[in-house]
Amino acid sequence: RSACGIPRSQPEKDTRNCTHPIASQFSQPKDARHTPAPCSTPRPGVENECQKCEAMFDTTSPVTDAAAPPAKVINPTLDQYKYSGESLRCCQLPLGPLGGGCIAVSGDGGLRQWQMVNETNHVGHVPDSFWGIKAEVGGVSHSRVLQSSALYDNSSFVAPFAVTDHIVPPGSIDLLKKLPGVPEIEITAKYPTVEVDYPNSGLPVDVHMTAWNPCIPLDENNSGIPVIVFQFSVTNP
């Protein structure tokens with residue numbers, strides 16, 4: 001018997017019931033006319049043979065009713081370490097001292113994943129913890145929460161297994177129902193520094209945030225200082 005319990009047989013056996021990942025892509029067993037598909041986990045010394053069940057597959061007969069994988073989202077500014085739009089849906093950037101927990105700057109501009117005092121809580125959130133700004137021009141006041149609800153609708157989003165970074169805390173949803181936020185966020189991530197911009201904010205000023213924590217190679221004492229620094233620059237265009 002093979003490792004997965006399927007009895008060994010000749011190469012002509014039907015491998016459609018195999019549970020190996022590559023088996024779900026192809027419906028027909030290999031025969032003399034076809035070239036076997038490369039296996040992601042080959043047995044040592046046996047080319048193109050499945051390590052799990054020792055079956056070989058034909059790449060010329062794809063399963064017609066198999067569900068198509070979701071389209072891959074390409075971040076066009078990845079080479080600049082910049083994230084915007086859909087690439088922010090699962091974006092969480094943890095900051096904090098070495099060995100001292102973290103608070104994450106989220107893709108909506110808020111603070112999530114409060115994991116402190118030896119408590120692991122990947123969905124931890126402190127309600128009413130947010131940044132805001134008020135600017136007045138010509139007697140007209142402009143106020144904004146520096147947070148965006150553009151990606152709060154996850155109804156059509158299929159998260160990878162065990163991923164919770166897209167989950168929006170109820171406190172954030174309630175906050176932006178009561179107070180006006182910004183329409184979009186742009187994040188530049190270069191650990192241990194996170195930069196956040198707020199384009200098209202509707203404000204008469206440009207706002208830029210830089211957040212960082214001490215991270216000094218070979219200096220665990222100063223890298224463990226329990227602090228996160230948030231710096232804001234406001235520019236009158």
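Here are some notes:
- Cβ separations smaller than 8 Å between residues 6+ apart or across chains give the following pairs from the stretch 220-237 residues that are free of Cβ contacts under 8 Å to residues at least 24 places away in the same chain and under 16 Å from LEU111 (Cβ atoms) to residues that are part of a loop (DSSP other than H, G, I, E, B) and of a type outside the set (Phe, Trp, Tyr): VAL229/ASN213.
- Failed item in (1) in a strand (DSSP E or B); (2) of a type outside the set (D, E, K, R); (3) over 29 Å from GLY100 (Cα atoms), with SER233 passing the rest: (3)
Conditions tested, residue by residue: (1) over 25 Å from the mean Cα position of the chain (by Cα); (2) within 26 Å of GLN115 (Cα to Cα); (3) among the hydroxyl-bearing types (Ser, Thr, Tyr).
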| position | (1), (2), (3) |
| --- | --- |
| ALA189 | no, yes, no |
| PRO192 | no, yes, no |
| VAL196 | no, yes, no |
| PRO199 | no, no, no |
| PRO204 | yes, no, no |
| HIS208 | no, yes, no |
| CYS215 | no, yes, no |
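- Meets criteria (buried (at least 18 other Cβ atoms within 10 Å of the Cβ) and either at pLDDT 55 or above or over 30 Å from LEU176 (Cβ atoms) (or both)) for HIS34: no
- The stretch 82-100: number of residues that are touching a strand residue (DSSP E or B) at 6+ places or on another chain (Cβ under 7 Å) and free of Cβ contacts under 8 Å to residues at least 24 places away in the same chain: 1
- The residues on offer are VAL182, VAL196, VAL126, and the sole one that is of a type in the set (A, V, I, L, M, F, W, C), under 15 Å from VAL105 (Cα atoms) and at pLDDT 95 or above is VAL196.
- So ALA150, is it touching a residue at least 12 places away in the same chain (Cβ under 8 Å) and in contact with a strand residue (DSSP E or B) (Cβ under 7 Å, 6 or more places away or on another chain): no
- Qualifying residues in the stretch 200-213 (those that are part of a strand (DSSP E or B) and in contact (Cβ under 8 Å) with a residue 60 or more places away in the chain) - the one most open to solvent (accessible area, probe 1.4 Å): TRP212
- Scan of the stretch 76-93 for residues that are of a type in the set (A, V, I, L, M, F, W, C) and exposed (fewer than 13 other Cβ atoms within 10 Å of the Cβ), ordered by number: LEU78
Residues are listed down the side, and each one gets a yes or a no for (1) of a type in the set (S, T, N, Q); (2) buried (at least 16 other Cβ atoms within 10 Å of the Cβ); (3) farther than 17 Å from TYR83 by Cβ:
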residue	(1), (2), (3)
ASN154	yes, no, yes
PRO170	no, no, yes
GLU186	no, yes, no
PRO192	no, yes, no
TYR198	no, yes, no
PHE230	no, no, yes
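- Residue among GLY139, GLY110, GLY96, GLY124 that is more than 17 Å from the chain's Cα centre (by Cα), open to solvent by less than 50 Å² (accessible area, probe 1.4 Å) and of a type outside the set (A, V, I, L, M): GLY96
- Those residues of the stretch 156-168 which are loosely packed, with under 12 Cβ neighbours inside 10 Å and touching a residue at least 12 places away in the same chain (Cβ under 8 Å), in sequence order: VAL158, VAL163, THR164
- Scoring ILE216 on the criteria (1) out of contact with any helix residue (DSSP H, G or I) (no Cβ under 6 Å at 6 or more places or on another chain); (2) aliphatic (A, V, I, L, M); (3) part of a loop (DSSP other than H, G, I, E, B) leaves a single failure, condition (1).
The values are calculated or read from the model by the stated rules, or taken from the named source; none is laboratory data. The model shown is predicted, which means the values in this text are computed figures rather than measured ones. With ideal geometry, Cβ positions are generated from the backbone for all residues, glycine too; neighbour counts draw on all protein chains shown. Side chains are part of the model used for accessible areas, which takes the heavy atoms of the whole protein and leaves out ligands, DNA and RNA. Shrake-Rupley method; radii C 1.70, N 1.55, O 1.52, S 1.80 Å.
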